[in-house]
Amino acid sequence: MNSFFAPHLPSSNRKKSQLISIIIPFYNESPVLELCLSRLVNVLETTQYQYELIFVDDGSEDGGAHFLERKARYIPQLKILRLSRNFGKEAAMTAGLDHVKGDATIIIDADLQDPPEKIPEMLAVWEKGANVVLMKRRTRDGETWLKKLTSSLYYRFLNKLSHCTIPEDVGDFRLLDRKAVEALKTLPERNRYMKGLYAWIGLKTEILLYDRDPRAQGVTKWDYLKLFRLAIEGITSFSTSPLHWASFIGFSAALLGAVYGVWIVLKALMLGDSVQGFPSIIAVITFLGGIQLLTIGILGEYVGKTYIESKQRPNYLIQKITAGEDYIQSGVQFTSMKVAQND
Ligand code: UDP
Ligand code: MG
């Protein structure tokens, strides 16, 4: 089982001194962790860089972190950050970014939908001077036409609203150089819509196309409700336009109401008050009531966000850090044989 892993080469044997950090956020992914780790190690061993693998356990309840912590005894490049509970992928990635030491950092999903074999290509583009290498999905096979349509409309809408362009068909799978990581670390917000934050920093960005694989094992952690929330988060984090629309809608409704009011009064004065119009009164009340609730809701989204930001809570809490290199420093690095017996 451990023969998957190529032996660790001491840094002096390597041609390049640059360090590549890989961040892998995971939540209840224990069926895929072994394959994920072995594919990453195998690919990284073929490159000429040193590397560190930072697995961020986002509060998994299936014991996946234990498996990795055992592996760390003989894979010095492995580091496991265990968060104190499930904070969400955005927070897990932030935790990873706060701990990377690399000259370049790559964020990749644990479920192997982002193929690790693309890493050398990403590194080659980075070598040519890009600060950020985005991985764009070539196709969206296996998704319904409804999802494709809503996604495309959403991005068009979002990009109309916000000042920076958030590219479509691009997820978190990307390479960020040191400059980009430092830039991201200066953004202190608690409402972390990472796709927006990545776009906000700008820098020299290159795009590579790739085919997104199906999940290796397990099930997606996303459902439509979560996606909807993320969509609202995206809009409200990057634009205050909905507040302007709320004022505009309120103003238009008030204007229409005033014109209608004048018309009703004039009609009553000229033709006499016939006490009619129950349906129109109900229509107007419900219409205005709807607009009021909508605008209060929009306002509430922003007030809520301000409230969360004002508390200044950290984005995540770490319960435990396990670093493979600590085992070497303390002289208790296990051989792969010993660990295989203990597993
Ligand atoms: N993930 C996480 N915390 C969460 C939900 C997901 O760290 O609360 C991780 C998950 O383990 C996976 C990645 O984020 O490595 C992408 O999640 P998933 O595959 O469920 O999303 P999808 O690929 O379906 O968009
Ligand atoms: Mg996935």
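Quick check for you: with a 1.4 Å probe and neighbouring chains kept, what is the accessible area per residue of the chain, in Å²?
On the way: 18470 Å² over 343 residues.
Per-residue accessible area for the chain comes out at 54 Å².
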- Over the chain: helical MRE at 222 nm, DSSP H runs n ≥ 4 each giving -39500 (n - 2.57), nearest 500: -16000 deg cm²/dmol
- Item | Selected from 180, 91, 253 as most flexible by GNM, with the chain as the system and alpha-carbon contacts under 10 Å | 253
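Residue separation times 0.36 nm, minus the C-alpha to C-alpha distance between residue 282 and residue 247: what's the value? Show your work: numbers first, answer last.
Numbers: separation 35, 0.36 × 35 = 12.60 nm, distance 2.33 nm.
Going from the current span to full extension adds 10.3 nm.
Would you mind telling me the share, in percent, of accessible area of segment 222-319 contributed by carbon and sulfur at probe 1.4 angstrom? Walk me through the numbers on the way to the answer.
Values: 5450 of 7350 Å².
Carbon with sulfur: 74 percent of the solvent-accessible area.
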- Message: Check which residues have an amide H placed less than 5 Å from residue 174's amide H, if you skip close sequence neighbours.
- Response: 107
- Using Cα centres only, tell me the gap between segment 99-142 and segment 201-233 in whole Å. 13
- Long-range HN-HN contacts of residue 136 with modeled amide H, under 5 Å: 208, 209, 210
- Query: Which residue, 272, 59, 289, has the most motion in a Gaussian network model of the chain that connects Cα atoms within less than 10 Å?
  - Reply: 272
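Give me the net charge of residue 43's neighbourhood, meaning all other residues with Cβ under 10 Å from the Cβ of residue 43; Lys, Arg count +1, Asp, Glu -1.
Numbers: positive: 39, 118; negative: 45, 117.
Result for the neighbourhood of residue 43: 0.
Pop the C-beta distance of residue 232 and residue 145 into the FRET formula with R0 = 30 Å and round what comes out to the nearest 0.05. Don't jump to the answer; show the numbers that get you there.
Numbers: r = 23 Å, r/R0 = 0.76.
Once rounded, the FRET efficiency stands at 0.85.
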- Item | Under 5 Å, built H, 5+ apart or other chain: amide partners of residue 21 | 52, 102, 103, 104, 105, 106
- In nm, the gap between the two label points placed 7 Å beyond Cα toward Cβ at residue 225 and residue 317 is 2.5
- Query: Roughly how many percent of the accessible protein surface of segment 72-159 is carbon and sulfur, given a 1.4 Å probe and a whole-percent answer?
  - Reply: 54
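Which of the DSSP-defined H helices in the chain satisfy a minimum axial length of 27 Å, computed from C-alpha atoms, and a minimum mean Kyte-Doolittle hydropathy of -1.0?
Working: long enough: 241-271 (44 Å, 1.47); 278-311 (49 Å, 1.01).
Length and hydropathy pass: 241-271, 278-311.
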- Message: With equal scatterers on the alpha carbons only and no solvent term, can you work out the Debye log10 of I(q)/I(0) for the chain at 0.13, 0.14, 0.15 1/Å?
- Response: -1.04, -1.17, -1.32
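The values are calculated or read from the model by the stated rules, or taken from the named source; none is laboratory data. This structure is a prediction, so every number in the text was calculated from the model and none was measured. Using ideal geometry, Cβ is built from the backbone for each residue, glycine included, and neighbour counts are taken over all protein chains shown. Surface accessibility is based on the protein's heavy atoms, side chains included, excluding ligands, DNA and RNA. Shrake-Rupley method; radii C 1.70, N 1.55, O 1.52, S 1.80 Å.
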